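Derivation of every value follows stated rules applied to the coordinates shown; laboratory data play no part. Just so you know, these numbers come straight off a predicted model, no measurement behind them. Neighbour counts run over all protein chains shown; Cβ positions are idealised from the backbone, glycine included.
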Amino acid sequence: MHYRLLPAPLKPLADRFYRSQRSAMRTSAVEQVWVAEHPEIVAALCLRTIDGGHWLTSLLVAPPLRRQGLARQLIEHALTDCTAPVWLFCRPELSDFYQRLGFAPCTDLPPPLTERLARYQRSKSLLALVRKP
């Protein structure tokens, strides 16, 4: 398995992966896009810089490869040099997974994330977590 940060011109490959998995996730020009390849993309995550840290906006592993440590390894590669807090929103059933990776429940979000979480929670159950350096 190969893990890497996609250069900007290759970000559409991650979007193609998300579409192939029937996911609504998409990359953004302002995000870092990290992938696991074997040899094609089998997992991807997006990391967006925000005031005071980063926001992990999406993480997806192809279903046949789940529960094999790919998500954990991809997160660790993406956050290796991260010296600022990283926030994420997750479904309650994924909280234990993220907590094993050093994330903890968070009630003090940066204002843009507070507003976004409130908007998302109108239609789905999500928790906010943070991993501090």
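In this label model, ARG91 and THR49 are separated by 3.3 nm, measuring between points 7 Å along each Cα→Cβ vector.
Based on the Cβ-Cβ distance of GLU40 and ARG100, what FRET efficiency does E = 1/(1 + (r/R0)^6) give at R0 = 25 Å, to the nearest 0.05?
Working: r = 28 Å, r/R0 = 1.10.
With a Förster radius of 25 Å, E is 0.35.
Quote the relative contact order of region 2-131 in percent (integer), defining contacts as alpha-carbon pairs under 8 Å separated by 6+ residues.
After rounding, I find 19 percent.
Sorted from fewest to most neighbouring beta carbons within 10 Å, what does the list THR114, THR107, THR57 look like?
So the ranking, lowest neighbour count to highest, is THR107, THR114, THR57.
Take HIS2, project a point 7 Å from its Cα along the Cβ direction, then tell me which residues of region 35-64 have their backbone nitrogen under 14 Å from it. Inside the label zone: 35-43.
Each Lys or Arg adds one and each Asp or Glu subtracts one; over the other residues with Cβ under 13 Å from the Cβ of SER125, this totals +2. Here r is the Cβ-Cβ distance between THR83 and ASP15 and R0 is 25 Å; the resulting FRET efficiency, rounded to 0.05, is 0.30. Mean residue ellipticity at 222 nm, helices only, the chain: -7500 deg cm²/dmol; runs of at least 4 DSSP H residues each add -39,500 (n - 2.57), and the sum is divided by the number of residues. Comparing SER23, SER95, SER123 in a Gaussian network model of the chain, where Cα atoms under 10 Å apart are tied by springs, the biggest mean-square fluctuation is seen for SER123. Once the other residues with Cβ under 13 Å from the Cβ of CYS90 are scored (Lys, Arg +1; Asp, Glu -1), what is the net sum? For residues surrounding CYS90, the net value is +2.
Within a 10 angstrom radius of the beta carbon, how do HIS77, HIS38, HIS54 rank from fewest other beta carbons to most?
On the way: HIS77 17, HIS38 12, HIS54 20.
Fewest to most other Cβ atoms nearby, the residues stand as HIS38, HIS77, HIS54.
Cβ crowding within 10 Å, taken as a proxy for footprinting-reagent exposure, orders CYS106, CYS82 from fewest neighbours to most as CYS82, CYS106.
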